[in-house]
Amino acid sequence: MERAEAYGFSGAMSGAFLLSCLLFAAVSRRQRGPYMDEVFHVPQAQAYCHGRFLQWDPMITTLPGLYLFSVGVVKPAAWLLGWTGSVVCSVGMLRFINLLFSAGNFYLLYLLLFKIHQKNKAVSGFQRILSALTLALFPTLYFFTFLYYTDPGSVFFTLFSYLMCLYGNHKTSALLGFCGFMFRQTNIVWTVFCAGNVVAEKLNEAWKTELQKKKDEKISSRKGSFSDLTRIQQFLVEYLISPKNLVTLTALTWPYIILVSFFFVFVFINGGIVVGDRSSHEACLHFPQLFYFLSFTVFFSFPHLLIPTKIRKFLLSLRKHPVQYGLITVISLFLIWKFTYVHKYLLADNRHYTFYVWRKVFQRHELVKYLLVPFYVFAGWSFADTLKSKSIFWILMYFVCLLAVTVPQKLLEFRYFILPFLIYRLNIPFLSLYRQLLELAFYILVNAVTFYLFLNRTFQWENSDEVQRFMW
């Protein structure tokens, strides 16, 4: 990092943290007590804070990583600063933990952008800082910086694990992946993703060697067109059945293999992935979740995906491959018809934005969910097109992880999309400075509206005296 870039990054990070502290104070003044899932998380952390480590709220569905980390930070800080009484492990103190995670996420996002795009000399330091700031303010993640939820910590350890993986420190990466798993069990998918990065890199090297041997056969390792898929599939089978290759891959990925094996032991002993209340978190094949994620991504990445050149390029591709797109459309219609699930929380809880998205869009008419398929097809094409700079093996690996982390979820919940979105956004090419500024301005606008509604547009339910607030 050059000196000017270091100063610029320090200034951006300090400024963002200061503004976050001011917003944190505003949220803490308006909502002093636990809200939403905090009514489970805060008492559990306070029980740990008082040494009651065997106490567990059966309504909590995640492992105790957040509470253990919180106690590990708050208790030493209280001892050093002489804090006593109710201030130790108070709601505000526990929420502040996520403010620290948010600052850490900013730094990790910058380091990841630097590492992933280090070969692109056209990217300036200012662009890296701007992009890191934008992603640090990603609305769905940034909102939960100010509440005691698992999301900021979950993202922190997953991004840290990914960074260590990219630098080849796989034992540290797996250890950080375990920390991420302790915050949210589904983060094991991103441990598989890290291992998949290693495998994809080796596959790409072998594929290039294979192409070098057959120069007369003009096959690109980075396009993955329909005509190449059979050849790539054949190459994958031949590579992966080789004992020598398997030994090499195992030697490189053994820390991740141990962690994934531990996960399966945990699932076997626990009787499932969810701890605590399982009645509302049943796994199912909810394939439309992929379509919801693509729509979510188009919304938050419109400067990348909704641009005239991409639309023209999509229409040209549609004209050249009508049969393939027709087949994709038919499959999408079938998946929506047979695999759409509506969780009871989605219909009942009017505090979440997803409640209004579902009611205002999908519940307008039975046919709406089918009429959106052309948009889903475009979103999927545009999403894949922005990843064309990655190898076909990386794309395949990411897509498998994306399916694994979204499809089993019955509940439409935007928080489940945070990590797959960030991984995607980190790996696509940089835009022009104008479009980067547009993206940042859009995120700031969405955050401003979100916090205005949360702080000022309160309401009450008929059967409750508690103040209710709108949130992600």
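The values are calculated or read from the model by the stated rules, or taken from the named source; none is laboratory data. Please read these numbers as outputs of a predicted model, since none were measured by experiment. In this analysis, Cβ positions are derived from the backbone assuming ideal geometry, glycine residues included, and neighbour counts consider all displayed protein chains. To get the accessible areas, we keep the full protein, side chains included, count just its heavy atoms, and leave off ligands, DNA and RNA. Shrake-Rupley method; radii C 1.70, N 1.55, O 1.52, S 1.80 Å.
Output yes when any residue across segment 348-366 is open to solvent by less than 50 Å² (accessible area, probe 1.4 Å) and aliphatic (A, V, I, L, M), and no when none is. No: segment 348-366 contains no residue that is open to solvent by less than 50 Å² (accessible area, probe 1.4 Å) and aliphatic (A, V, I, L, M). Between Phe383, Phe417, Phe378, the distinction of being assigned to a helix (DSSP H, G or I), in contact (Cβ under 8 Å) with a residue 12 or more places away in the chain and over 21 Å from Thr354 (Cβ atoms) belongs to Phe378 only. Please work out if Tyr325 is surrounded by 13 or more Cβ atoms within 10 Å (Cβ to Cβ), within 28 Å of Pro139 (Cβ to Cβ), hydroxyl-bearing (Ser, Thr, Tyr) and touching a residue at least 24 places away in the same chain (Cβ under 8 Å). No: the conditions fail for Tyr325. Pairs linking a residue in segment 92-103 that is over 15 Å from Ala26 (Cβ atoms) to a residue that is part of a helix (DSSP H, G or I) and open to solvent by 30 Å² or more (accessible area, probe 1.4 Å), with Cβ atoms under 7 Å and 6 or more positions apart or on different chains, are Met93/Val87; Ile97/Val73; Phe101/Phe156; Ala103/Met13; Ala103/Phe17. Say whether the condition of being free of Cβ contacts under 8 Å to residues at least 60 places away in the same chain, small (Gly, Ala, Ser) and farther than 30 Å from Tyr443 by Cβ is met by at least one residue in segment 282-303. Taking every residue of segment 282-303 in turn, none turns out to be free of Cβ contacts under 8 Å to residues at least 60 places away in the same chain, small (Gly, Ala, Ser) and farther than 30 Å from Tyr443 by Cβ. Those helices (runs of 4 or more DSSP H) of segment 130-200 in which 1 or more residues are more than 30 Å from Met36 (Cα to Cα) occupy 151-166, 170-183. Answer with yes or no whether Leu333 is touching an Asp or Glu at 6+ places or on another chain (Cβ under 9 Å), part of a helix (DSSP H, G or I) and either at negative phi or surrounded by 16 or more Cβ atoms within 10 Å (Cβ to Cβ) (or both). Judged against the criteria, Leu333 is not a match. Against the numbered list (1) assigned to a helix (DSSP H, G or I); (2) touching a Ser or Thr at 6+ places or on another chain (Cβ under 6 Å), Gly11 comes up short only at (2). When segment 152-190 is filtered for residues that are open to solvent by less than 10 Å² (accessible area, probe 1.4 Å), closer than 16 Å to Ile97 by Cβ and among the aliphatic types (A, V, I, L, M), only Val155 remains. Just to be sure I understand, how many residues within segment 370-399 are under 19 Å from the mean Cα position of the chain (by Cα), farther than 16 Å from Asn204 by Cα and open to solvent by less than 10 Å² (accessible area, probe 1.4 Å)? Total meeting the criteria: 2. Return yes or no: is Leu159 aliphatic (A, V, I, L, M) and closer than 28 Å to Thr172 by Cα? Yes. All conditions in (1) modelled with pLDDT of 90 or more; (2) assigned to a helix (DSSP H, G or I); (3) in contact with a Phe, Trp or Tyr (Cβ under 8 Å, 6 or more places away or on another chain) hold for Cys284, with the sole exception of (2). Within segment 228-281, if we keep just the residues that are in a helix (DSSP H, G or I) and acidic (Asp, Glu), the residue that is nearest to the chain's Cα centre (by Cα) turns out to be Asp228. The single condition among (1) more than 20 Å from Val189 (Cβ to Cβ); (2) of a type in the set (Val, Ile, Thr); (3) touching a His at 6+ places or on another chain (Cβ under 9 Å) that Thr253 does not satisfy is (1).
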